[in-house]
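Before any comments, here is the structure.
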Amino acid sequence: MKTSVILGTMTLAAMAAGAAGAQTLSDVQDRGTLNCGVTTGLVGFAAPDANGDWSGFDVAVCRAVAAAVLEDPQSVEFVPTTGKTRFTALSSGEIDMLARNTTWTFTRDVDLKFEFAGINYYDGQGFMIPKELGVSSARELSGATVCIQTGTTTELNLADYFRKNNMDYEPVPIETNAEAQQQYIAGACDVYTTDASGLAATRAAFETPGDHVILPEIISKEPLGPLVRHGDNEWGDVVRWTLNALIAAEELGITSANIDEMKAGTESPEINRILGTEGNLGEMLGLDADWAYRAIKANGNYGEIFAKNIGESTPIGLARGLNAQWTDGGLMYAPPFR
Amino acid sequence: MTTLSDPQGESFRLSMLLNDTRYRSYTFQFIALVCVAALFAYLGSNLMANLRAAGLSISYDFLGDPSGYDINQTMIAYTSQSSHLRASIVGLLNTLLVSILACITATIIGVVAGVLRLSNNWLVSKLMAGYVEMFRNVPVLIWIIIIFTIMTAVAPSPSAFRGDDPDASMVFGMIAFTNRGVYVPAPVFEPLGWVVLGVFLASIVASILYRRHARKKLFDEGVLLPTTWPTLAIVFVPAILVFFVLGRPITLDIPELGGFNFSGGVTLLGSLIALWFALAIYTGAFIAENVRAGILSVSRGQTEAAAALGLRPRRIMNLVVLPQALRVIVPPLISHYLNITKNSSLAIAVGYMDLTGTLGGITLNQTGRAIETILLLMLFYLAISLTISGLMNVYNNAVRLKER
């Protein structure tokens, strides 16, 4: 026991010792790689392929930041984190940024001393239930056994929702999405609840997706986005504006196909400012003029990243919904580049 | 009167700390202690300094905040509005419950398997050897998952009990085996029911007194009184008589299928059962080997001598061999009990909310206070382990070979 106490303390101390000062940008540039925290594997958001190359919706954000800062979208070291380890990894300095379906909440922002750089996916918690049970609304779920992925905001939302509506339920906590799927299919729980995007991804993997319905109620707001440590505002700005550049690029019609053409100069001053042919936005960030050009070029604009990883043409098949541009009735709204 | 005076006590000099063998070991132990303490102090201050630099501080204030999550098995009153501390205690009790159940079951399985492995019957001893080798050579996590998976896959879901011609039916119309757990009837005590329970407890005390009396009689007068049947009679007959005389004041709350699930009765969660059996069977295999070693450590002459006195094999085992074997069996048994308690932290694999699941899982995640919760978790497990170890040492002293 004593040895493990020593080892544990040493680990904690070593992790704490790694906490760097407020110089993340220069640290990353000196190191030449970006350490980016991602999930241990959630298809569509972040998962390694057979060659060990990571790809996905969250991974694209990491690659865009690496392209902006290091001029190479491939120089990213992906650090898989679980729901439990993600915050310690970030606050200890093991990773420079976390892009892992993390919900922006007050306590995470204020109490845990993190800085959310923006929102790259607006999600909400939903319920999936077999069609044969004949339930059409979450209000009819009183007494149900509910499978929840533990260690997320979902179990708090679930507790709140059932308490608010005076209903009982029996929670079945489950560690990973894969196990939850198995339990749900075996009938060990009546309902499976997680973020609606996760439900869609899970249902797509079933043999007969048509036998399961996702109930219309969305019981929570789950704004997911990349985050960095509190107190290093220069680095926070780099991540925030890289994400904004991806979103603005879609709005302004900059795509990976036409970006080289636009780089030569366009009629639109905002496009020119983003791509560095006009003004000195890059210099203000501590980067060169081409930072946003490289970030967008890496994986395309926000819309392209969405369509390629989780959009309707992929097996996950998510509609844009809330994540459409504000001009299309969605919530994606990048502040002006000026 | 003697003129001889004692030799003058040598005065203590500082150099004796190194040169005198009486003091040298203390010197080195002291230096080692200072080094270890300094190392810990350095690590601790380093941790605190870095946390401060990151704007964080060690604080246990979160323990008083509402936890906000529900737990499926609670032995004390708990809602999502209870504090994180209460959630931790719910987890602690769940850990203790599964540990105690598993310790008892593992001991029974271990003793039976250990004794049977020494059986002269080839089939029985080989079967037990197979059991021991199979279970102790596969990680316990795998056994937990295997048993849980088999339970969820084989047992019917509650919906199979529904309808006029259900696929599954309840055993004796009372017990439902489902893939979510086993639903058993719960006793409901009317006021007079407590009298029956009181009589039952009194009968148990009486039976112990009777056995003590029989033992005394055997040792003092050499008269062998029957014990088995009288004990059973003393324990059950009065309670059953009182039960019927008072007009059956204890009824059963039989689980019924309503809505999504069975309600009423007592629910043994599938996760509890899987964890309990996996820990018991796994550790039972180790205990079986200890029991075998203990029995083999008793010289064969003892058995033969007892047989020569005309004792029957069962009595030889109970009166001669096992008491002597216990001094070999008990010390490693303590380690196995500690292992069961610590291995119970694998509970999250099947969704059983033990201490690791509540304090080290959801609370850690929701509050983000990793260092605090892990330290607290270590403290809890250390306290449980030291308690078990202390209690078992008391027992060990009781069964130790008395040296006279």
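Odds and ends about this structure:
- Helices (runs of 4 or more DSSP H) (entirely within segment B:57-156) containing at least 2 residues that are within 14 Å of chain A (Cβ to nearest Cβ): B:84-117, B:140-154
- Note on segment A:148-190: residues that are out of contact with any Leu (no Cβ under 8 Å at 6 or more places or on another chain), surrounded by fewer than 20 Cβ atoms within 10 Å (Cβ to Cβ), aliphatic (A, V, I, L, M) and more than 7 Å from chain B (Cβ to nearest Cβ) total 2.
- Segment B:376-398, residues that are among the hydrophobic types (A, V, I, L, M, F, W, C) and surrounded by fewer than 17 Cβ atoms within 10 Å (Cβ to Cβ): B:Met378, B:Leu379, B:Leu382, B:Ala383, B:Leu386, B:Leu391, B:Val394, B:Ala398
- Some residue of segment A:122-144 being open to solvent by 50 Å² or more (accessible area, probe 1.4 Å), among the aromatic types (Phe, Trp, Tyr) and under 24 Å from A:Thr85 (Cβ atoms): no
- Only one of the numbered conditions (1) open to solvent by less than 50 Å² (accessible area, probe 1.4 Å); (2) in a helix (DSSP H, G or I); (3) modelled with pLDDT of 85 or more is not met by B:Val205, and that is (1).
- Qualifying residue in segment A:191-212 (condition: within 8 Å of chain B (Cβ to nearest Cβ), surrounded by 20 or more Cβ atoms within 10 Å (Cβ to Cβ) and out of contact with any Cys (no Cβ under 6 Å at 6 or more places or on another chain)): no
- Within segment B:216-256, the set of residues being within 14 Å of chain A (Cβ to nearest Cβ) and open to solvent by 60 Å² or more (accessible area, probe 1.4 Å) comprises B:Glu256 only.
- Candidates in segment A:250-278 are the residues that are part of a loop (DSSP other than H, G, I, E, B) and among the β-branched types (Val, Ile, Thr); of these, the one that is surrounded by the most Cβ atoms within 10 Å (Cβ to Cβ) is A:Ile254.
- Cross-chain or 6+ apart pairs with Cβ under 7 Å, segment B:113-129 first and farther than 14 Å from B:Glu289 by Cα, then open to solvent by 40 Å² or more (accessible area, probe 1.4 Å) and in a helix (DSSP H, G or I): B:Val124/B:Leu116
- Of the helices (runs of 4 or more DSSP H) lying entirely inside segment A:99-214, the ones with 1 or more residues being in contact with an Asp or Glu (Cβ under 7 Å, 6 or more places away or on another chain) and outside the structural domain of A:Ala245 (by TED's automatic domain parsing) are found at A:154-164, A:196-204.
- Where B:Thr303 falls short, out of the listed (1) within 21 Å of B:Ile388 (Cα to Cα); (2) out of contact with any Ser or Thr (no Cβ under 8 Å at 6 or more places or on another chain); (3) of a type outside the set (D, E, K, R): (1)
- Some residue of segment B:277-296 being more than 14 Å from every other protein chain (Cβ to nearest Cβ), open to solvent by 60 Å² or more (accessible area, probe 1.4 Å) and of a type in the set (A, V, I, L, M): yes
The values are calculated or read from the model by the stated rules, or taken from the named source; none is laboratory data. Computed from a prediction, not measured in an experiment: that's the story for all the values here. All Cβ positions, glycine included, derive from the backbone under ideal geometry; neighbour counts span all protein chains shown. The area values use the complete protein model at the heavy-atom level, side chains included, leaving out ligands, DNA and RNA. Shrake-Rupley method; radii C 1.70, N 1.55, O 1.52, S 1.80 Å.
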